[in-house]
Amino acid sequence: MFKKFTNGCVRVVNRWLPDAFLFAIILSIIVFIGAMFATGMGPLKVLNAWGDAKGFWGLLAFSMQMALVLVFGSAMASAKPCRKALRAVAGLCHNNMQAIVITTMVSTICCWLNWGFGLVVGALLAKEVVRRVPTVDYPLLIASAYSGFVIWHAGLSGSIPLDLVAGKAFGEVTYQAPITATVFHPVNIIMCVVILIAMPFINYAMHPDKAHTVCIDPTLLQDEEDKTYEIKTPADRIEHSKILWVILVVAGFAYIVYYFVQNGFTLGLNIVNMIFLFLGILLHGDLRRYVDAIGEAAAGAAGILLQFPFYAGIMGMMVAANEQGVSLASVISQFFVNISNSITFPMLSFLAAGIVNFFVPSGGGQWAVQGPIMMPAGANLGIDAGRTAMAIAWGDQWTNMIQPFWALPALGIAKLSARDIMGYLVIVLLFTGVVACLGFLAWGLWF
């Protein structure tokens, strides 16, 4: 019965899911119409909200941060020591079950540590694994590698909990919570552990029978050779200078240590990016090699650079308000606020965030859309800021399983399309949704 349901999801997705960019265009049209109905504003006002500086161009700084997370994580993952580690992990896989389970677990852990690094490591590990287990279903393996992304916002690179550490102002009120009240809260850790342990076996339960297994393209099994460099000119010697490499690495890590001495264990997007930048430089062991790795990694950010403005435009329309302050996002969020109490509010905030995230698949965008509504509502109900913020964060990561935007880097590495994996990820969505709902109810009852 379970496999029949899974196969049905796969067939529906393969038939109906368009290309990721076209998906963003379709969502833009839906939100454009929805915003007019929800607010009563005319088409020109909604169009202006889509295209102005707060809409289409409203997430440029955040886009750069997110692109760098992906690029620096990708460059680090491509370093020789990292690739050796991936081969060692892949060597643990000898059958289909081990291939799916190990790939899922490693990807989940890495995404919790850093979402960009986890996305890339999962896809690279899947390619190493399939060389050793060619009988595994390749789309399911890549879906398993991506499924770890479902806990990224509950981890160390989550933009909402990191933003809350320094304090986030909505209106005249500033909301603040230490990382121990968000990422390292016992309930958040328990939910992550449940997903880490159970999801790999749920993924394996979806593996198709031999007759329907899709095997890897043999061209993807070719080993990639390390690039060699000829040092002939003074310019070449400067580019490969160990002295410059040592100076840069020492300076970078000296600042990172100084930062934590001054600020304690306070993680923000900028310091996370700096850590992965200098870890990448350290592991590559050569500045020229690292520059080339960044050039290759930057190609994976192409989808982000193209689609982020469109999702920023969607966000602009979602928050575009009429003279009474009513917006499409506020209508969705307020509905869940109105049916909530102090126990159910975080769970319903999670569900509301999941719906909004489908149209604004950005942690920062999600925060900008729902924070001004959910944070004051949670405070009025006596709910601490950390719990409300994590409800939004979990909703943001949850529906990424059926939103192809963030799968683009992994799909680029795997040479697959979104429709190849999204059918399997519907099951992941349902499972993690149950875990999160129960978790936030427990958070309200016992903490």
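The values are calculated or read from the model by the stated rules, or taken from the named source; none is laboratory data. The model shown is predicted, which means the values in this text are computed figures rather than measured ones. Here Cβ is always computed from backbone atoms with ideal geometry, including for glycine, and neighbour counts include all displayed protein chains. Surface accessibility is based on the protein's heavy atoms, side chains included, excluding ligands, DNA and RNA. Shrake-Rupley method; radii C 1.70, N 1.55, O 1.52, S 1.80 Å.
Annotations for the structure displayed:
- At an R0 of 45 angstrom, the distance between the Cβ atoms of Glu323 and Leu22 translates into a FRET efficiency of 0.85.
- Additional length obtainable on full extension of the chain from Asn338 to Lys4, 0.36 nm per residue less Cα span: 116.4 nm
- Here the Gaussian network model covers the chain, with springs between Cα atoms less than 10 Å apart; of Arg87, Arg387, Arg15, Arg15 fluctuates the most.
- Taken along the Cα-to-beta-carbon direction at a fixed 7 Å, the label points for Arg131 and Asp236 span 2.8 nm.
- Per residue accessible area in Å² of the chain, where ligands, DNA and RNA are left out and the probe is 1.4 Å: 42
- Label positions at Leu445 and Gln176, each projected 7 Å from the Cα along the C-beta direction, are separated by 3.4 nm.
- Gyration tensor verdict on segment 361-447 (Cα atoms; rounded if a/c is under 1.5, prolate if a/b is larger than b/c, oblate otherwise): oblate
- Tensor-based shape of segment 1-148 (alpha-carbon gyration tensor, a/c under 1.5 rounded, otherwise prolate or oblate): oblate
- Calculated log₁₀ intensity ratio I(q)/I(0) where the Debye formula runs over C-alpha points of the chain, q = 0.11, 0.12, 0.13 Å⁻¹: -0.88, -1.04, -1.20
- Prolate/oblate/rounded label for segment 235-318 (Cα gyration tensor, a/c 1.5): oblate
- Length gained on full extension, Thr228 to Lys45: 60.3 nm, using 0.36 nm per residue less the C-alpha separation.
- Gap separating the Cα centres of segment 63-124 and segment 24-48, nearest whole Å: 39
- Subset of Lys4/Lys415; Lys127/Lys242; Lys80/Lys242; Lys80/Lys127; Lys127/Lys210; Lys80/Lys210 violating a 23 Å alpha-carbon distance limit: Lys4/Lys415; Lys127/Lys242; Lys80/Lys210
- With respect to the chain, whose longest principal axis is taken over its alpha-carbon atoms, helix 60-77 is tilted by about 30°.
- Packing here is the average count of other Cβ atoms within 10 Å per residue, and on that basis the peptides 424-436, 162-174, highest first, run 424-436, 162-174.
- Carbon/sulfur fraction of accessible area - the chain, other protein chains in place, 1.4 Å, %: 68
- Candidates Phe260, Phe276, Phe62, ranked by Gaussian network fluctuation over the chain, Cα under 10 Å, top entry: Phe260
- Simple spin-label estimate for Phe37 and Val257 in nanometres, 7 Å along Cα-Cβ: 6.0
- Between helix 186-205 and the chain: long-axis angle, C-alpha atoms, 0 to 90°, nearest 10: 60
- Cross-link partners of Lys45 among lysines (Cα-Cα below 22 Å; sequence separation of 8 or more within a chain): Lys54
- Once the Cα-Cα distance is subtracted from the 0.36 nm per residue extended length, the Leu438 to Asp292 segment shows a gain of 48.0 nm.
- Sorted peptide list for 151-159, 176-184, criterion being average Cβ within 10 angstrom, highest first: 151-159, 176-184
- With Cα atoms, 0 to 90° folded angle of helix 363-380 axis to the chain main axis: 40
- Packing-based ranking of 413-421, 91-99 yields 413-421, 91-99, ordered from highest to lowest mean Cβ neighbour count within 10 Å.
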